[in-house]
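The values are calculated or read from the model by the stated rules, or taken from the named source; none is laboratory data. On a predicted model such as this, the values are computed, not experimentally measured, just so you know. With ideal geometry, Cβ positions are generated from the backbone for all residues, glycine too; neighbour counts draw on all protein chains shown.
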Amino acid sequence: MTDRLYYNDPYLKAFDATVDRVDERAGRLVVRLDRTAFYPTSGGQPFDTGTLGPARVVEVVDEDDGSIAHVVEGGSLSAGQAVHGDIDWSRRFDHMQQHTGQHVLSAAFDRLFQVRTVSFHLGAAASTIDLARELSTAEIAAAENEANRVVWEDRPVAIRFASAEEAAAMPLRKEAARGGTLRLIDVEGFDLSACGGTHVSRTGAIGVIVVAAWERFKGGHRLTFLCGGRALAAYRGLRDAMTGAVQKLSVLPEELAASIDRLQTEAKDQRRALNALQSELARYRADELAASAETVALGGAVDGAATCRLVARIVEADANTLKSLATAIAARPQHVAILVSAGAPVLAVIARATDVSLPAQRLLSALHATFGGRGGGKADFAQGGGLTGSPDAILAAAREALAAQQ
C-alpha cells in the first residue's frame, strides 16, 4: 500500500521515495513507490502530472490493492531505486481551487435550498456539478453570492480523520460512501464532507467562484463553474471579445445587445430584398434562356403534342438559382429545362411543364447512375448534386437520357 503524502499535505510540491515495483502495461512503464505526493484520478478530480527522476509522469492510477501506479515516459527506473518526485504545481493548485470551490458551492445550494449535489466533474477547462432538482436563475445567483461570501471571509479549510461510526454522528453534507477511517474536509462553519481530494488551506485561495452556465439534466440542473485562475482567464476572454465587438460596432458596452438586434433586423431586411431581386433577375434570365429553347421531338406528350421546347444549358449558379431558373422556364407550356452548374462537384436540375409527359426524377436517376452523387424529386421537378463528370459530359448524357425516354 502506498503512503499518500497528499492526504495530509496537499501543498507538498516535491518528495523523495523508493521504487517498489516497475511493470509494463499496454506498452507503457508503470511505477509504484513506497510513498507519493501524486494524486490519482478519483472522486471527480483528475490525476497530477510532473516528474519522477528522469521520467515524466503522464498518468496516475489508484489501484485496487491500495497502491498508486505512476505511468511514466522518457526515463528508466528500477525497483529499489531512490527517486525524487516533483509535482506540476500549477496543475495541482488549479485542481485544489476548483475542488474546494465545488465543496463551497455545493454547500451553498444545500444550505440555502436543500438541494443535493448528485455528482461532480473537474474538467480541463471547466467543472460541473449536477444538482438534484432544477433551480431558478435567482436561486443560482443567491447560491453563487453565498459561496463567494465564504470565499472572501477566508475561512480555514482543515483535514480531519474519523471512523465511520464517528462520522455518522457528525453533520456531514452527504453520507459517506465507504466505511473504515474517513478523511474529512472541514470548511469552518460551512461544510463538512468526506473527500480524498486535494484542497486549499483557506477559502480565500479559491479566489472567486463563478457559475458560467447551466442546463437541465436528468430532472435537475447541470451547472458549469469556474474558480480562481480559470475565472480570471474566462473574464479576460470575455473582456477581449467585448472590447473587439464594441470597437467594431462603435458603441458602448451597454449598447451592444441593442446594436446586435438592430444589425440582425437590418440583415433580415436585406436578405428579403436580395431574395426579391434574385427572383426578379431569375425571371429575366429565364426569359433569355427560354428564348434560346430548341424544339425536340418527344413521344408521349400530353394533349398529343409531339415536341417539347428544351433548354439544356451550363449555368454559373448555385443550387437555389438553378432551381429558380428551371422552375421559371418550366412554367411555360411545353418547356423542359435541364440546367447544370459550371463548378465541381456538379449540380443538375431538371424541370418540365405540366403539359409535357417526362419523368424528371427518372432522368436524374440516369445521370446519377453514370456520374454518381445524390438527389431526387418528382415527375415534374428533380435536382441532384455531387456529380463527378464534366458539365459538358453530364449535359450530353442528359440529352441522351431524354431521347431514351421517348
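Some observations on this one:
- The residues of the range 385-404 that are surrounded by 15 or more Cβ atoms within 10 Å (Cβ to Cβ) and either over 45 Å from the mean Cα position of the chain (by Cα) or more than 12 Å from residue 340 (Cβ to Cβ) (or both), listed by number, are 386, 401, 402.
- Of residues in the range 333-383 being in a strand (DSSP E or B) and in contact with a Pro (Cβ under 6 Å, 6 or more places away or on another chain), the one nearest to residue 317 (Cα to Cα): 340
- Filter result for residue 43 (at pLDDT below 95, in contact with a His (Cβ under 9 Å, 6 or more places away or on another chain) and closer than 28 Å to residue 184 by Cα): yes
- Test: residue in the range 230-253 that is modelled with pLDDT of 95 or more, under 30 Å from residue 161 (Cβ atoms) and among the hydrophobic types (A, V, I, L, M, F, W, C): no
- Considered as a group, the residues in the range 107-143 that are hydrophobic (A, V, I, L, M, F, W, C) and assigned to a strand (DSSP E or B) include one that is surrounded by the most Cβ atoms within 10 Å (Cβ to Cβ), and that residue is 131.
- Answer residue from the range 1-51, given it is more than 36 Å from the chain's Cα centre (by Cα) and among the β-branched types (Val, Ile, Thr) and is surrounded by the fewest Cβ atoms within 10 Å (Cβ to Cβ) among those: 18
- When the range 384-404 is filtered for residues that are in contact (Cβ under 8 Å) with a residue 60 or more places away in the chain and either assigned to a loop (DSSP other than H, G, I, E, B) or not hydrophobic (A, V, I, L, M, F, W, C) (or both), the ones remaining, listed by number, are 385, 391, 392, 399.
- Some residue of the range 309-329 being part of a loop (DSSP other than H, G, I, E, B), of a type in the set (Val, Ile, Thr), under 25 Å from residue 391 (Cβ atoms) and in the same structural domain as residue 384 (by TED's automatic domain parsing): no
- Among the residues of the range 269-297, those identified as of a type in the set (S, T, N, Q) and either part of a helix (DSSP H, G or I) or surrounded by 13 or more Cβ atoms within 10 Å (Cβ to Cβ) (or both) are 270, 275, 278, 279.
- In the range 187-268, counting only strands (runs of 3 or more DSSP E) that sit wholly within it, the ones holding 3 or more residues that are within 21 Å of the chain's Cα centre (by Cα) and under 30 Å from residue 114 (Cβ atoms) span 209-217, 220-227.
- Checked against the criteria, residue 346 counts as crowded, with 19+ Cβ neighbours inside 10 Å and touching a Ser or Thr at 6+ places or on another chain (Cβ under 9 Å).
- Residue match in the range 154-161 (condition: surrounded by fewer than 19 Cβ atoms within 10 Å (Cβ to Cβ), within 28 Å of residue 61 (Cβ to Cβ) and acidic (Asp, Glu)): no
- Residue selected from the range 168-191 under the condition touching a residue at least 24 places away in the same chain (Cβ under 8 Å) and either under 21 Å from residue 4 (Cα atoms) or in contact with a Gly (Cβ under 9 Å, 6 or more places away or on another chain) (or both), by the criterion surrounded by the most Cβ atoms within 10 Å (Cβ to Cβ): 185
- Residue 36, sole failed condition from (1) in the same structural domain as residue 206 (by TED's automatic domain parsing); (2) touching a helix residue (DSSP H, G or I) at 6+ places or on another chain (Cβ under 7 Å): (1)
- Picking from residues in the range 371-384 that are in contact with a helix residue (DSSP H, G or I) (Cβ under 9 Å, 6 or more places away or on another chain) and surrounded by fewer than 16 Cβ atoms within 10 Å (Cβ to Cβ), the one that is nearest to residue 311 (Cα to Cα) is 379.
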